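Trainee: Submitted below is the structure of interest, expressed as structure tokens.
The values are calculated or read from the model by the stated rules, or taken from the named source; none is laboratory data. Predicted, not measured: the structure shown is a model, and the values here were computed from it. Every residue, glycine as well, gets a Cβ built from its backbone with ideal geometry; the counts of neighbours run over all protein chains shown.
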Amino acid sequence: NNETLLFLQSTATELGITIQGSRTLIPSPNAKATNNATIIAPDGRLLCEYAKIHPFTFGKEPEAFAGGDESCLYTWTADNESLQVCPAVCYDLRFPELFRRGLLAGAEAFAIGANWPQTRQAHWRALAIARAIENQAYVFAVNRTGSDPHLAYAGGSIAIDPQGKVLGELDEKPDTLTVEVHPENVRNWRSTFPAWRDLKIRTLN
């Protein structure tokens, strides 16, 4: 755990960028682990630590992993522009309520790291686009490639703008995706077409 944190911190400071990585944390000797998104600032500070709220029951994750309780928000800054980002992990993508709560907290973008299997790759892409459209937010969904003994992963990392336009997308090969992001696009679209204001909070309770 500390080794992973030190690696993320050293990489963030070396490159001078904000990094959202992942790690497993075990809070105490007899406790179940949590599957975390760990966000590090360019100066090495820990900005946000999010524990995946939805363990994957179909894959027997609850046998080893506990679900988190709270989402978090961090500020991503580049070229003197800032974006409020809410992290999520893998299976969380199937639960729009988490993203709605992020929206209400001020999220302008969602960043998802995942081990999403090839067998449900179509769901991955459709759900990522849906989360962008319904929350009028950027979505950056990063999926692994390669295989485990029992699963293959098709990659398909994707960046989507607040209107659901795909800005960039990768295939099953390891690669890097670079896209141009403008925070004002979120604010302008939400002002032009303020669908988010019709959200009924009671439906989230």
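Trainee: Would you confirm, using the coordinates I've provided, whether residue 145 is among the hydroxyl-bearing types (Ser, Thr, Tyr) and either in contact (Cβ under 8 Å) with a residue 12 or more places away in the chain or within 22 Å of residue 94 (Cβ to Cβ) (or both)?
Mentor: Numbers: among the hydroxyl-bearing types (Ser, Thr, Tyr): yes; either in contact (Cβ under 8 Å) with a residue 12 or more places away in the chain or within 22 Å of residue 94 (Cβ to Cβ) (or both): yes.
Taking the combined requirement at face value, the residue satisfies it.
Trainee: While we're looking at this one, here's another question. Consider region 148-205. How many of its residues are basic (Lys, Arg) and touching a strand residue (DSSP E or B) at 6+ places or on another chain (Cβ under 7 Å)?
Mentor: From region 148-205, those basic (Lys, Arg) are 165, 173, 187, 190, 197, 200, 202; that's our starting set.
With touching a strand residue (DSSP E or B) at 6+ places or on another chain (Cβ under 7 Å) added as a condition, the list becomes 173.
Counting residues in region 148-205 that are basic (Lys, Arg) and touching a strand residue (DSSP E or B) at 6+ places or on another chain (Cβ under 7 Å) gives 1.
Trainee: Pull up region 65-77, narrow it to residues that are under 14 Å from residue 39 (Cβ atoms) and in a strand (DSSP E or B), then point me to the one that is farthest from the chain's Cα centre (by Cα).
Mentor: Only one residue tops the list, namely 77.
Trainee: Next up: Given the criterion out of contact with any Gly (no Cβ under 8 Å at 6 or more places or on another chain), farther than 22 Å from residue 96 by Cα and surrounded by 18 or more Cβ atoms within 10 Å (Cβ to Cβ), identify the matching residue among 181, 186.
Mentor: Among 181, 186, only 181 is out of contact with any Gly (no Cβ under 8 Å at 6 or more places or on another chain), farther than 22 Å from residue 96 by Cα and surrounded by 18 or more Cβ atoms within 10 Å (Cβ to Cβ).
Trainee: Might you let me know whether region 144-159 holds any residue that is at pLDDT below 95, crowded, with 17+ Cβ neighbours inside 10 Å and not in a helix (DSSP H, G or I)?
Mentor: Yes; the residues of region 144-159 include at least one that is at pLDDT below 95, crowded, with 17+ Cβ neighbours inside 10 Å and not in a helix (DSSP H, G or I).
Per-residue answers, yes or no, for (1) surrounded by fewer than 17 Cβ atoms within 10 Å (Cβ to Cβ); (2) in contact (Cβ under 8 Å) with a residue 40 or more places away in the chain; (3) not in a helix (DSSP H, G or I):
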position: 88; (1), (2), (3): no, yes, yes
position: 113; (1), (2), (3): no, yes, yes
position: 131; (1), (2), (3): no, no, no
position: 139; (1), (2), (3): no, no, yes
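Trainee: Filtering region 1-32 down to residues that are within 22 Å of residue 69 (Cα to Cα) and under 19 Å from the mean Cα position of the chain (by Cα), which residue is surrounded by the most Cβ atoms within 10 Å (Cβ to Cβ)?
Mentor: 20
Trainee: Looking at the structure I just gave you, is residue 60 touching a Pro at 6+ places or on another chain (Cβ under 9 Å), more than 24 Å from residue 201 (Cβ to Cβ) and either of a type outside the set (Ser, Thr, Tyr) or modelled with pLDDT of 95 or more (or both)? Lay out the reasoning, then the answer.
Mentor: Values: touching a Pro at 6+ places or on another chain (Cβ under 9 Å): no; more than 24 Å from residue 201 (Cβ to Cβ): yes; either of a type outside the set (Ser, Thr, Tyr) or modelled with pLDDT of 95 or more (or both): yes.
Judged against the criteria, residue 60 is not a match.
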